[in-house]
Amino acid sequence: MAYIHLDGVSKQYGSVWAVDRADMAIGKQEFVSLLGPSGSGKTTLLRIIAGLERPTQGRVLIDGEDVTELPPHRRGVAMVFQEFLLFPHRTVYENLAFPLRMLKLPKGEIEARVEWAVGILALRGLEKRYPNQLSGGQQQRVALGRGLVGRPKVLLLDEPLANLDRELRQEMEVEIRKHQTDLGIPFIYVTHNQEEALSMSDRIAVVRGGRIEDFASRTAIYDHPRTAFIAQFVGRSNRFTGTALISQGKTALCDHGVRIESAARPDIADGKRIAAYVKNEKIQLKPAAEMPADAANTLTATIRYVLLRGAYAEYVLGWTGGEIIVSRPRSEAAFAQGAEVACFWNEADIDLFPMTEDGR
Amino acid sequence: MKGRAAPAIFLGMPTVFLVGLFVLPLVSMVVLSVWRTENYHIIRDFSLHNYEVLATEGAYMTFLVRSLAMASAVSLICTLLAWPVAYGITLYGGRYKLLLTLAFAVPFLTGEVLRIIALQGLLGPAGLLNGLLLSLGAAPLRVIMYTNVASAIGLVYLYLPIVVTVIYLSLLNFDQRLIDAATIFGASPARAFFEITWPLNLFGTLIGFALCFIPCLSATLAPRFLGGPNGTLYGMAMAQQFGESGTWALGAAMGVVLFAVSLLLVIVVARLVDLRRTGFTGFGRG
């Protein structure tokens, strides 16, 4: 039985539906991300769960209770904000104690719980400081601690890492996931950053134009995108376009002389405009001389630049149809700038989608 | 060189301004207060006679106490009225926020005297209010005109725009999303106001209060035109020393006392309020 239910939740601003019939069921121990570009409605959806916005239609249920009409302070939820929103006139200790005071807990209990938060978030020694005397990372820890001390029914996180630098962000990702696992409460995490969503979530809901395009496990979202938008937005892909050709139990397309051949897709009619996506890391490289140039799922290209990304090398390749990007582990043989290479990939790594009217 | 000149210019200008227009006149006032005036002539004899007069003649003390009471009441009323007005503008003003705030300053486009005279016309014995009451068959209100109540109404009318503007600016700088945070963490709207909104705007509120209180202490026009026989306030009595009576030295001593009282009040308030607890860092945001 799901712990949090969104039942046809919609929100209308003027004539625009910021959230359009969102249905979700989230389990009690789940880490769920709402992933989408800015303006997709993911933050509005989070604010509806928090009670900061009222849905135009639909219901929100938390722990079996319909909370749609309840104001935020009666919902037992907590939130971590992108801008931290710590109370500037209160010390770290007082910020952490705030939710507990609102719960009217006895003083001893408040002290014990703040002490616990200070301990797990490495804030010891900072209790008497004011927020503006803390670094960004420390402020984010206090914000997270304030979210956790009250043992909320659900913790809502609104792009909490967007204002931190990359290194700190990766550190915090580990920490956030760890606390979620330890506490066993659901986290709903809003982000536009696919890496954050993929690194921490159990399941990801991809939000676009107010709608949930897909809500599935992170591996399913990454490996088997259900829509072209997801294929484009999650992971980094190369895109080929052409007309669908159905023959010998395969669905194929031809883009600038390159034949892209996938397993049969009965849902795609012959002659329809389609797009094929192949993720950067699914494309393999060989010296051009070693490959027959006319095989399906193969193309010949020249290496324009090589970007070194630590464990991976990212090749930017030019071919007759434009540019593709391929990332390969450094453990493989490296190619130099200007080298002629053959690129090839497996049938199973192709994601095919019919193209929409506007060419997407 | 350029790097050093800039702070000198930026800090130098206000320094020159303050010394020229505030410190020097203040010093001359202190000096004048220990001299005396006879028949419109200043006589340069050092004596504390003026202060003796202020301390011993009961009328001056009455004026001062009455002024303090008046200024307190007026500032309190202004603050209580200004808060909901300023808050309403920040919440619901939308894109007319600035316009609404400026509209509050429209009375400043006319002179103070004119505004007071207008109030006289409104509240006077044969004024608009009483005219309305009479035409309705009711008895005219005698308590309003030429009483301290009339003075208070006049002062509230004069200083309300300033208090509204100052509190509005404070609220404008206040991050409303902190209220979201407070309610998420279990505070009811009323609780969120007293835990977050009020303390974080206390500094602005105090400035608004002070910008009403201090000019009220030295107000001359409102009590003179609206106040009536028992309405003499300290500032009005002080102005008379420089005008009709020609006792400038006594007036200067009154000014020194007024300045000392104002300074004392500011110090007491500064002592009572911990700026950190109002979110005021003195270094701007962040």
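The values are calculated or read from the model by the stated rules, or taken from the named source; none is laboratory data. What you see is a predicted model; the values in this text were computed from it and never measured. Every residue, glycine among them, receives a Cβ derived from its backbone with ideal geometry; neighbour counts consider all protein chains shown.
Tell me, please, whether a residue that is within 14 Å of chain A (Cβ to nearest Cβ), among the aliphatic types (A, V, I, L, M) and free of Cβ contacts under 8 Å to residues at least 40 places away in the same chain can be found in the stretch B:194-214.
Yes: the stretch B:194-214 contains one or more residues that are within 14 Å of chain A (Cβ to nearest Cβ), among the aliphatic types (A, V, I, L, M) and free of Cβ contacts under 8 Å to residues at least 40 places away in the same chain.
In this structure, does A:A252 turn out to be in a strand (DSSP E or B) and at pLDDT below 95?
For A:A252, the condition - in a strand (DSSP E or B) and at pLDDT below 95 - is met.
Select from the stretch B:109-127 the residues that are within 18 Å of the chain's Cα centre (by Cα) and among the hydrophobic types (A, V, I, L, M, F, W, C) and list them in ascending order.
B:V113, B:I116
Residue check, B:V273 against (1) among the aliphatic types (A, V, I, L, M); (2) free of Cβ contacts under 8 Å to residues at least 24 places away in the same chain; (3) surrounded by fewer than 21 Cβ atoms within 10 Å (Cβ to Cβ), all met but one. Which one?
Against the list (1) among the aliphatic types (A, V, I, L, M); (2) free of Cβ contacts under 8 Å to residues at least 24 places away in the same chain; (3) surrounded by fewer than 21 Cβ atoms within 10 Å (Cβ to Cβ), B:V273 comes up short only on (2).
Given (1) farther than 30 Å from A:Q232 by Cα; (2) out of contact with any Ser or Thr (no Cβ under 6 Å at 6 or more places or on another chain), where does A:Q57 come up short, assuming only one miss?
(2)
Mind listing just one residue for me: the one in the stretch A:44-57 that is within 12 Å of chain B (Cβ to nearest Cβ) and of a type outside the set (K, R) and, of those, surrounded by the fewest Cβ atoms within 10 Å (Cβ to Cβ)?
My answer is A:E53.
Looking only at helices (runs of 4 or more DSSP H) that lie completely in the stretch A:141-239, which have at least 1 residues being surrounded by fewer than 16 Cβ atoms within 10 Å (Cβ to Cβ) and polar (S, T, N, Q)?
In the stretch A:141-239, A:166-183, A:218-223 are the helices (runs of 4 or more DSSP H) which contain 1 or more residues that are surrounded by fewer than 16 Cβ atoms within 10 Å (Cβ to Cβ) and polar (S, T, N, Q).
If you check A:V67, A:V77, which single one turns out to be β-branched (V, I, T) and at the interface with chain B (Cβ under 9 Å from one of its Cβ atoms)?
The conditions single out A:V77.
What number of residues within the stretch B:170-190 satisfy the criterion of being without any contact (Cβ under 8 Å) to a residue 24 or more places away in the chain and either at the interface with another protein chain (Cβ under 10 Å from one of its Cβ atoms) or closer than 23 Å to A:G145 by Cα (or both)?
Of the residues in the stretch B:170-190, 14 are without any contact (Cβ under 8 Å) to a residue 24 or more places away in the chain and either at the interface with another protein chain (Cβ under 10 Å from one of its Cβ atoms) or closer than 23 Å to A:G145 by Cα (or both).
Among the numbered conditions (1) surrounded by fewer than 21 Cβ atoms within 10 Å (Cβ to Cβ); (2) in a loop (DSSP other than H, G, I, E, B); (3) more than 14 Å from every other protein chain (Cβ to nearest Cβ), tell me where B:G231 comes up short.
Failed condition: (1).
Any idea which of (1) more than 9 Å from every other protein chain (Cβ to nearest Cβ); (2) in contact with a strand residue (DSSP E or B) (Cβ under 7 Å, 6 or more places away or on another chain); (3) closer than 29 Å to A:G137 by Cβ; (4) at pLDDT 95 or above is the one A:V60 doesn't satisfy?
All conditions are met except number (3).
When you scan the stretch B:38-128 for helices (runs of 4 or more DSSP H) that lie fully inside it, which ones turn up with 1 or more residues that are touching a residue at least 12 places away in the same chain (Cβ under 8 Å) and of a type in the set (S, T, Y)?
B:49-56, B:58-92, B:97-105
So, of the residues in the stretch A:80-103 that are more than 8 Å from chain B (Cβ to nearest Cβ) and touching an Asp or Glu at 6+ places or on another chain (Cβ under 6 Å), which turns out to be farthest from A:R151 (Cα to Cα)?
It comes out as A:Q82.
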